[in-house]
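The block underneath contains the structure these notes are about, expressed in structure tokens.
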Amino acid sequence: MKLLSCTTTAPNRRKLEIELDAASFAAACEAAYKKNVSKINIPGFRKGKVPRNVVERMYGKEFFFEDAVNALYPEALEAAIKEAALEYVDDAIDLDVTKISLEEGVVFTAEITVKPEVKLPKYEGIEVERPLVNVTDEQVDERIRQLRERNARVIDVDDRAAKEGDTCVFDFEGFVDGVAFDGGKAESYELVLGSGNFIPGFEDQMVGHSVGEEFDVNVTFPEEYHATELAGKPAVFKIKMHNIKETQLPELDDDFVTEVSEDCDTVEQLRESIRKELTEAAEKKAEDTVVDRIYDWIDEEMECDLPDAMVERRIDASMRDFDVRLRGQGITLQQYCQYIGMTMEQMRAQSRPNATRQVRIRLALEYIVKAAGINISDEEVDAEIAKMAEQYKMTAEAVRAAIDVEDLRSDIACGKAADLVREKAIVTDEKPE
């Protein structure tokens with residue numbers, strides 16, 4: 001293989017002119033003949049025994065040229081891309097043979113898409129604001145309320161009428177203009193009064209009724225109701241109350257604390273533990289926001305003519321990952337699209353903005369890797385493989401066989417670039433409102 005030239009035809013497009021020597025081409029033609037001779041039928045010769053010169057005399061010397069070029073060009077193109085120091089983007093290749101003969105070999109051109117050039121004004125000293133971290137007493141109280149609810153007990157109530165917060169068990173059937181409608185009937189239905197799960201006004205009218213009562217609930221369907229035949233129409237629901245259940249929260253005292261916590265003995269200790277937990281979570285969220293804002297700055301300030309092929313590859317990968325997660329839940333991506341009323345094309349379009357941002361940030365990090373001279377040693381790669389092996393309960397050899405080690409090296413380098421940018425960023429606290 002000989003790289004004759006490399007020219008720019010458009011942003012992120014390069015045309016390589018490549019020469020294959022006559023000896024290599026002749027050997028490839030012979031290999032193509034041996035591969036295909038068993039399929040060639042010529043009168044007077046047994047199948048698979050037709051001499052090559054007979055085939056070429058009948059069909060032309062060029063009969064095996066296409067198969068020979070197809071066999072040679074992938075390896076030759078890969079070598080030429082490496083020689084030209086290009087980073088190829090997996091995309092359609094425009095191939096054109098400009099000269100071909102057994103005596104002189106082959107000259108062909110291949111137009112490919114390459115990774116774009118990135119320009120970034122700076123990556124050190126990016127100025128961003130950090131959200132304030134302030135855990136309030138109300139947040140602590142809400143977490144304690146949730147804890148009490150998880151440990152609540154439910155009792156049947158038969159000595160009073162239903163009130164907001166109760167769970168009612170009842171039969172109902174709905175009528176519009178005196179006619180029952182589809183989907184408007186159920187038996188032993190459970191509803192928490194005040195949850196807002198029913199038509200506005202329905203739950204309010206359940207309040208005050210007792211076990212065993214039969215009564216009517218009068219409501220009007222919202223104008224934007226999903227069943228258009230019912231939208232905006234008045235309806236009557238016939239109700240029969242079977243049961244009322246009350247949720248009783250445990251008393252917030254030291255006994256409750258020792259039941260729900262292994263580390264706390266008093267209510268005050270529980271409050272402090274929850275405050276610490278909420279503060280750590282808020283600190284983590286604030287730090288994530290800082291990183292996101294750094295990436296927002298990079299995404300806005302960097303100059304990059306992004307090839308659409310890179311975005312499509314990122315969308316393909318995210319769709320595959322999502323499909324795998326869905327299959328773990330027993331459905332396919334196609335079924336999921338049907339459930340949410342969206343086509344695959346619409347889902348891809350919805351994924352495009354995020355995929356574009358991900359690709360741009362990755363390119364920016366790769367730029368920083370080069371600009372900062374970040375190099376990853378074999379020992380660092382081995383350590384990461386060992387960590388992956390432990391995580392997935394595999395041997396290091398199995399992990400190494402399952403991944404592209406150079407891609408992993410690049411991932412580690414980009415992680416270090418991200419750490420460098422965060423370390424060098426100028427972060428100030430947001431001003432309180």
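Among 275-288, 234-247, how do they line up by average Cβ neighbours within 10 Å per residue, starting with the highest?
Per-residue mean Cβ counts within 10 Å order the peptides as 234-247, 275-288.
What is the distance in Å between the Cα centres of region 102-177 and region 16-69?
For region 102-177 versus region 16-69, the Cα centre distance is 61 Å.
Relative contact order (percent) for the chain, with alpha-carbon contacts under 8 angstrom and 6 or more residues of separation? Mind dumping the intermediate values first?
On the way: 592 pairs, mean separation 71.3, N = 433.
Relative contact order of the chain: 16 percent.
By how many degrees, between 0 and 90 and to the nearest 10, does the Cα long axis of helix 137-150 differ from the longest principal axis of the chain?
80
Ignoring any ligand, DNA or RNA, what whole percent of the accessible area of region 330-433 comes from carbon and sulfur when the probe is 1.4 angstrom?
Details: 3460 of 6710 Å².
In region 330-433, the share of accessible area belonging to carbon and sulfur is 52 percent.
Could you tell me the largest-minus-smallest coordinate of the C-alpha atoms of region 77-176 on each of the three principal axes, in descending order and whole angstroms?
For region 77-176, the Cα spread along each principal axis is 104, 53, 31 Å.
Using the Karplus curve 6.51 cos²θ - 1.76 cosθ + 1.60 with θ = phi - 60°, what ³J(HN,Hα) values do you get for each residue of region 158-172, in whole Hz, with x for Gly and Pro?
My calculation for region 158-172 gives 9, 10, 7, 7, 5, 9, 4, x, 6, 9, 9, 10, 7, 9, 8 Hz in order.
Just need log10 I(q)/I(0) for the chain at q = 0.06, 0.07, 0.14 Å⁻¹, Debye formula, equal scatterers on the alpha-carbon atoms, no solvent, rounded to two decimals.
-0.57, -0.72, -1.37
For region 1-131, what is the relative contact order in percent, using Cα pairs closer than 8 Å and at least 6 residues apart in sequence? Show your work: numbers first, answer last.
Numbers: 178 pairs, mean separation 42.4, N = 131.
Reported relative contact order: 32 percent.
At 1.4 Å probe radius, can you tell me the per residue accessible area of region 64-211 in Å²? Show your work: numbers first, answer last.
Values: 8550 Å² over 148 residues.
The answer is 58 Å² per residue.
Short version: ³J(HN,Hα) in whole Hz for each residue of region 348-354, in order, from phi by Karplus 6.51 cos²θ - 1.76 cosθ + 1.60 (θ = phi - 60°), x for Gly and Pro, what are they?
Calculated HN-Hα couplings, in order: 5, 5, 5, 7, 4, x, 5 Hz.
Region 380-417 to region 250-316: how many Å between their Cα centroids?
26
Which links in Lys285/Lys387; Lys284/Lys416; Lys49/Lys99; Lys2/Lys34; Lys387/Lys416; Lys387/Lys424 stretch past 21 Å when you go from one Cα to the other? Write down the numbers at each step before the final one.
On the way: Lys285/Lys387 26 Å; Lys284/Lys416 19 Å; Lys49/Lys99 31 Å; Lys2/Lys34 26 Å; Lys387/Lys416 17 Å; Lys387/Lys424 28 Å.
As for pairs spanning more than 21 Å Cα to Cα, those are Lys285/Lys387; Lys49/Lys99; Lys2/Lys34; Lys387/Lys424.
Once amide H atoms are built 1.01 Å from N in the peptide plane, which residues 5 or more positions from His242, or in another chain, come under 5 Å H to H?
So His242 has HN proximity to Val169, Phe170, Asp171, Gly212.
What Kirkwood hydrodynamic radius, in Å, does region 269-393 give when the mean of 1/r is taken over all pairs of distinct Cα atoms and then inverted?
Values: mean 1/r = 0.0539 Å⁻¹.
Taking every pair of different Cα atoms in region 269-393, averaging 1/r and inverting gives 18.6 Å.
How much accessible area per residue does region 321-373 have, in Å², with a 1.4 Å probe?
On the way: 3320 Å² over 53 residues.
Accessible surface, normalised per residue, equals 63 Å².
Residue-wise, which Karplus ³J(HN,Hα) couplings in Hz belong to region 358-374, taking 6.51 cos²θ - 1.76 cosθ + 1.60, θ = phi - 60°, and x for glycine or proline?
4, 5, 5, 5, 4, 4, 5, 5, 5, 4, 5, 4, 6, 5, 8, x, 7
Relative contact order of region 184-263: what whole-number percent is it, with Cα pairs under 8 angstrom and at least 6 residues apart? Walk me through the numbers before you get to the answer.
On the way: 77 pairs, mean separation 18.5, N = 80.
Relative CO of region 184-263 lands at 23 percent.
Per DSSP H run of n ≥ 4, the term is -39500 (n - 2.57); total these for the chain, divide by its residue number, and report the mean residue ellipticity at 222 nm rounded to 500 deg cm²/dmol. Write out the running numbers ahead of the final one.
Working: 13 runs with 201 residues, N = 433.
That comes out to -15500 deg cm²/dmol.
Any idea what angle helix 267-301 forms with the longest principal axis of the chain, computed on alpha-carbon atoms, 0 to 90 degrees, nearest 10?
Helix 267-301 and the main axis of the chain meet at about 40 degrees.
Using the per-residue mean of other Cβ atoms lying within 10 Å as a proxy for protection, in what order, highest first, do the peptides 290-296, 309-315 fall?
Packing proxy ranking, top to bottom: 309-315, 290-296.
How big is the accessible area of Val257 in square angstrom, nearest 10, if you roll a 1.4 angstrom probe over the protein chains?
In the full protein context, Val257 sits at about 0 Å².
Calculate how steeply helix 65-83 sits against the longest principal axis of the alpha-carbon atoms of the chain, using the helix alpha-carbon long axis, and give the answer as 0 to 90 degrees to the nearest 10.
70
Non-local amide H neighbours of Asp94 (under 5 Å, H modeled in plane, Pro and chain starts lacking H): which ones?
So Asp94 has HN proximity to Glu111.
The values are calculated or read from the model by the stated rules, or taken from the named source; none is laboratory data. It should be emphasised that the depicted structure is a prediction, and the values quoted were computed from it without experimental measurement. Don't worry about glycine lacking a Cβ; one is built from the backbone with ideal geometry, like all the others, and counts go over all protein chains shown. The accessibility values were calculated without ligands, DNA or RNA, using every heavy atom of the protein model including side chains. Shrake-Rupley method; radii C 1.70, N 1.55, O 1.52, S 1.80 Å.
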